[in-house]
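The values are calculated or read from the model by the stated rules, or taken from the named source; none is laboratory data. Keep in mind that what you see is a predicted model, and the values were worked out from it rather than measured. We place every Cβ from the backbone using ideal geometry, glycine too, and count neighbours over all the protein chains shown. The accessibility values were calculated without ligands, DNA or RNA, using every heavy atom of the protein model including side chains. Shrake-Rupley method; radii C 1.70, N 1.55, O 1.52, S 1.80 Å.
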Amino acid sequence: MEIERKFLIKKENLPKNLEEYPCQKIEQGYLCTEPVVRIRRSNESYYLTYKSKGLLSREEYNLPLTKEAYEHLRPKADGIVLSKTRYVIPEKNGLSIELDVFDAPYEGLLLAEVEFPSEEAANAYIPPAWFGEDVTFSARYHNSTLSKGIPSDK
């Protein structure tokens, strides 16, 4: 089960020392968006992911892929293959912030996600001051929606 909240971030509010945090280059494409079936390259690791419907919480299953399998499936992805850099920033209470900095065509879009052990913890979470609008309940900011080329109004 994936339980997460998602927030828009303004460029001027980004942490000044962002380059000091661990990061990974991510490329992902969608073979299907209802239900979500995604392929992802994260640095040199490859995955096939299934996600059920949902906004705050949903089922998620990750299966490892070989590089060859990923490269075979990549041309079959519908829409835009998204590219982004993900920074992992420590957060209070043992949580982590995953900050996604998108490449074109969504250059300038910055999204922060925080995963939680329960819906209660997610609902009680008070985000740091540098977070912007809470878009947890907006499907428009799901990566599967962005892959369809639907404007996000960064």
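Counting protein heavy atoms only, the chain has 53 percent of its accessible area on carbon and sulfur, 1.4 angstrom probe. Set the bar at 30 Å for Cα to Cα. Now go through LYS25/LYS92; LYS11/LYS76; LYS11/LYS148; LYS16/LYS51; LYS16/LYS148 and name every pair that lies beyond it. Violating the 30 Å limit, Cα to Cα: LYS11/LYS76; LYS16/LYS51; LYS16/LYS148.
If you count, for each residue, the other Cβ atoms within 10 Å and average over each peptide, how do 68-75, 84-91 line up from highest to lowest?
Listed from highest to lowest mean packing, they are 84-91, 68-75.
How many percent of the alpha carbon pairs in region 90-154 exceed a separation of 13 Å? Counting every Cα pair in region 90-154, those more than 13 Å apart make up 68 percent. Looking at region 1-151, the accessible area is 53 square angstrom per residue; that uses a 1.4 Å probe and ignores ligands, DNA and RNA.
Annotation: aspartates and glutamates with alpha-carbon distance below 16 angstrom to LYS10 (same-chain offsets under eight excluded): GLU98, ASP100, ASP103, GLU107, GLU113, GLU133, ASP134, ASP153. Couplings 3J(HN,Hα) of region 20-34, computed from phi: 7, 8, x, 9, 9, 8, 10, 10, 8, x, 10, 7, 7, 10, 9 Hz, in residue order, whole Hz [Karplus 6.51 cos²θ - 1.76 cosθ + 1.60, θ = phi - 60°; x for Gly and Pro]. Entry for the chain at q = 0.11, 0.13, 0.14 Å⁻¹: log10 I(q)/I(0) = -0.42, -0.60, -0.70, Debye formula applied to identical alpha-carbon scatterers, no solvent contribution. How would you classify region 1-85 from its alpha-carbon gyration tensor, with a ≥ b ≥ c the square roots of the eigenvalues: rounded for a/c under 1.5, else prolate if a/b is greater than b/c, otherwise oblate? Since a/c reaches 1.5 but b/c is at least a/b, the shape of region 1-85 is classed as oblate.
Qualifying trypsin sites (Lys or Arg not before Pro) in region 1-71, where qualification requires a DSSP coil assignment and no more than 13 other C-beta atoms within 10 Å, comprise LYS10, LYS16, LYS53.
Across region 105-122, rounded Karplus estimates of 3J(HN,Hα) from the backbone phi angles (6.51 cos²θ - 1.76 cosθ + 1.60, θ = phi - 60°) give x, 10, 3, x, 7, 10, 10, 10, 10, 10, 9, 10, x, 8, 5, 4, 5, 5 Hz, Gly and Pro being marked x. What is the distance in Å between the Cα centroid of region 42-111 and that of region 121-141? So the two Cα centres are separated by 18 Å.
In a reduced charge model with +1 at each Lys and Arg Cβ and -1 at each Asp and Glu Cβ, the chain shows a dipole moment near 340 debye about its Cα centre. The H on the amide N of SER96, modeled in the peptide plane, is under 5 Å from the matching H of GLU91, GLU115, each at least 5 residues off or on a different chain.
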